[in-house]
1. So B:ASP197 passes all but one of these: (1) touching a residue at least 24 places away in the same chain (Cβ under 8 Å); (2) over 24 Å from the mean Cα position of the chain (by Cα); (3) surrounded by fewer than 21 Cβ atoms within 10 Å (Cβ to Cβ). Which condition number does it fail?
2. With of a type in the set (Asp, Glu), on the phi < 0 side of the Ramachandran plot and surrounded by fewer than 22 Cβ atoms within 10 Å (Cβ to Cβ) as the only criterion, which of B:GLU205, B:GLU219 stands out?
3. Inside segment A:177-194, can you point out the residues that are more than 13 Å from every other protein chain (Cβ to nearest Cβ) and open to solvent by 30 Å² or more (accessible area, probe 1.4 Å)?
4. Restricting to segment A:97-126, and then to whatever is more than 21 Å from the chain's Cα centre (by Cα) and open to solvent by 50 Å² or more (accessible area, probe 1.4 Å), can you tell me which residue is modelled with the lowest pLDDT?
5. Taking B:GLU336 as meeting all but one of (1) farther than 27 Å from B:ASP367 by Cβ; (2) without any contact (Cβ under 8 Å) to a residue 12 or more places away in the chain; (3) in a helix (DSSP H, G or I); (4) away from every other protein chain (no Cβ under 14 Å), write down the number of the exception.
6. In segment B:48-70, which residue that is out of contact with any Pro (no Cβ under 9 Å at 6 or more places or on another chain) and surrounded by 22 or more Cβ atoms within 10 Å (Cβ to Cβ) is nearest to B:ASP32 (Cα to Cα)?
7. Exactly one of these conditions fails for B:SER102: (1) under 19 Å from B:VAL401 (Cα atoms); (2) in contact with a Lys or Arg (Cβ under 8 Å, 6 or more places away or on another chain); (3) of a type in the set (S, T, N, Q). Give me its number.
8. Any idea which of B:ASN422, B:ASN412 is open to solvent by less than 10 Å² (accessible area, probe 1.4 Å) and either touching a residue at least 60 places away in the same chain (Cβ under 8 Å) or over 17 Å from the mean Cα position of the chain (by Cα) (or both)?
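The values are calculated or read from the model by the stated rules, or taken from the named source; none is laboratory data. Bear in mind that the values here come from a model prediction, so they are computed numbers and not experimental data. All Cβ positions, glycine included, derive from the backbone under ideal geometry; neighbour counts span all protein chains shown. Only protein heavy atoms, including side chains, enter the accessible area calculation; ligands, DNA and RNA are left aside. Shrake-Rupley method; radii C 1.70, N 1.55, O 1.52, S 1.80 Å.
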Amino acid sequence: MATLQDAPPISFPHRHLLGIDQLSPFDIDALLDLADGFVEINRRTEKKLATLRGRTQINLFFEASTRTQSSFELAGKRLGADVMNMSVGSSSVKKGETLLDTAMTLHAMHPDIIVVRHQSAGAVELLARKVGCSVVNAGDGAHEHPTQALLDALTIRRHKGRLQGLTVAICGDILHSRVARSNIGLLNAVGARVRVVAPSTLLPAAIDRLGVEVHGDIRSGIKDADVVMMLRLQRERMHGAFVPSVREYFHYYGLDAAKLTLAKPDALVMHPGPMNRGVEIASDVADGPQSVIREQVEMGVAVRMAVLEALASNLPNA
Amino acid sequence: MPTDQKPTWGSPERFERERVRPIGFHNVRLIDPANGRDETGGLLIDEGKIADVGPHLTADAFPEGAEVIDGGGNVLAPGLVDMQVFTGEPGYEHRETIASASRAAAAGGVTTMICMPDTNPVIHDVAMVDYVQRLARDTAIVRLAPMGALTRDLAGNEMTEIGLMSEAGAVAFTNGRKAITNAQTMRRALTYARDFDALIVHHAEDPDLVGEGVMHEGETATRLGLKGIPAEAETVMLSRDLKLVGLAGGRYHAAQLSTARALTTLRRAKERGLPVTAGVSINNLTLNENDIGTYRTFLKLSPPLRSEDDRMALVGALADGLIDVIVSSHDPQDVETKRHPFADSEDGAIGLETLLVAALRLHHSGDVPLIRLIDAMSTRPAAILGLESGSLEAGRPADLVFFDPDMPWIVNAEELSSLSKNTPFEDARMQGRVLRTIVAGRTVYDYGLH
């Protein structure tokens, strides 16, 4: 068994991780520090720890997501937990079983941690109120996706050495994006400057009240930015409903090499995945030297290990 | 508060064989908006009607055998007429029956429930109008009058038999929870209804602008990641309706307005002399979008709770009479429709039992005079619907509410009479309590203090 050397004893005063808005800047720092340690362990041959030995983690995904689910699965397993994946198609929910029925069923199995993704905002919070174990939000509707924001922050911090004072441009479908909301919350909490860039049809009402600068033009939006974060545009929103066509969207809002020169020369290019190449991001930029998109995936496992470990420290009999 | 207090309810009229004793109230604060009365005095009920009223009625002024009540200075007012009540009967009896709704009404001082046609089957023909009235006669302890569906199956296409249903007892016509989107259909309905002097009540909200929206559009919705409903969903539909009223001339009532901007539109129409009136839900008068907190589905309503600025504008419009009536918009929903994530839950909240006491918040805050509140919940709706009740004048039906405007209490959903417990006022502090409700001279609810 590997051991986690120099791991700071974490004091994490939360039973669940439901959103970034519940975290203080100290909580965020502590999680990122802890995750930094896990990055090193994940690069060793022997990766297995025993923090969660004997614990049961259930990944409950009402919305399919290969990467987030595998990331949580790997994180749990590397900490020694027994991990079970439950994919509940939204169709079977529509057939009558409510979210809370599912919650009650799971509750009876005595899990220690449930990781939940659901297509409706607030669903994870609702579930957390009805079960006795810790709950991690792996994305609820257009509300929050806290581990994504944490892994983005970890990626940025490891490259830039800090978060405070950086200018981060979040570009694309802000309206439907939980990634955007969680990132806005986290980056504001740690003192970064946040810009959002999108066509007006993809901006939620009163977004400026969340402490961001709003740009309709990607050129001004990413000018001198330290980080350019692109968001995925869902297919069903590409053709007429919110933007007229892929071609027009890419022309005005897609990130290509020419536009990227407006950002700082060492600006990071990020994307939460999965990417639509040629829609929101050009292939050469996605694979270019400034892209840290693959590294984000690696940080994802480390951050999720940190979150699971932090929550485990508050579990009964821990 | 005495510990032996226990409320009691009456039973439906047909089961009462004995002749009802006359009731004499004295030392009560009489509030009668119909003639501006707000004074201490007494009131005598006999043969189901108000026999006498005024300051001259003291303790010794009542006939032998009458039940004499010393009101202790509490308020006696005409019973409330609630213009928007959804019951679950027929079709959704597990949520609410007409009987259970009537018990909630009685406990809340509501003496006439105007029931919406959104039942299963829909109240869209003479047989159904007749059926619910018979059900009410047999099972309800307060009065019930149905609204008829304005279009067949509430589908918004074919007009229903407005004339025949009016004769059968439908007091108004509405498309219920759904707006009529086709302007031509609305125009014809208004035109046709005019010939029968029938009132059209409309949920003025454009469903396309509502789209997938589930709460007021703004910062709170954005933070919660919920889709918003713009104020224009209301103003666009209301403006269209009012223009059609100008064209067609029928009597029109906007069921529940929720935005400040709609009030400007309404004011202009009233100033032009159009035959329009408007209502507001007690929820939009006393709650705002922030009360949704962390996704409280009992506060998912249609129209949605709006901003505090909107709420204040509605309160102002209520005080100055621009808004005519307050409704409870009583809409029982249960576990299978409300225990879901916010966006997946049904709209609606119960409200019959808390209508009056929630409205008293506006009296205690000094925003709306008590007499105007009673006017908006009794006298005005009765007048708009052409009902006899809504006043304390001698000769009127003895439909009365007797209440303590100050008694403090905390709402416990489990103690409410509705079969469904989706109250937006769970655990809320209230000031004011219904002590007794009288329908046609019979006590149908007694709080049990005396």
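1. Of the numbered conditions (1) touching a residue at least 24 places away in the same chain (Cβ under 8 Å); (2) over 24 Å from the mean Cα position of the chain (by Cα); (3) surrounded by fewer than 21 Cβ atoms within 10 Å (Cβ to Cβ), the odd one out for B:ASP197 is (2).
2. On the way: B:GLU205 fails: surrounded by fewer than 22 Cβ atoms within 10 Å (Cβ to Cβ).
Result: B:GLU219 is the single residue among B:GLU205, B:GLU219 that is of a type in the set (Asp, Glu), on the phi < 0 side of the Ramachandran plot and surrounded by fewer than 22 Cβ atoms within 10 Å (Cβ to Cβ).
3. A:ALA189, A:GLY191, A:ARG193, listed by residue number.
4. The initial filter retains those residues of segment A:97-126 that are more than 21 Å from the chain's Cα centre (by Cα), namely A:97-112.
Restricting the remaining residues to those that are open to solvent by 50 Å² or more (accessible area, probe 1.4 Å) gives A:97, A:101, A:104-105, A:107-110.
Details: A:GLU97: 69, A:ASP101: 85, A:MET104: 87, A:THR105: 86, A:HIS107: 88, A:ALA108: 91, A:MET109: 91, A:HIS110: 93.
Top of the filtered list is A:GLU97.
5. (4)
6. So in segment B:48-70, the residues out of contact with any Pro (no Cβ under 9 Å at 6 or more places or on another chain) come out as B:52-61, B:64, B:68-70.
Within this subset, residues satisfying the condition of being surrounded by 22 or more Cβ atoms within 10 Å (Cβ to Cβ) are B:53, B:69.
Working: B:VAL53: 10, B:ILE69: 19 Å.
Within segment B:48-70, the match that is nearest to B:ASP32 (Cα to Cα) is B:VAL53.
7. (2)
8. Values: B:ASN412 fails: open to solvent by less than 10 Å² (accessible area, probe 1.4 Å).
Exactly one of B:ASN422, B:ASN412 is open to solvent by less than 10 Å² (accessible area, probe 1.4 Å) and either touching a residue at least 60 places away in the same chain (Cβ under 8 Å) or over 17 Å from the mean Cα position of the chain (by Cα) (or both), namely B:ASN422.
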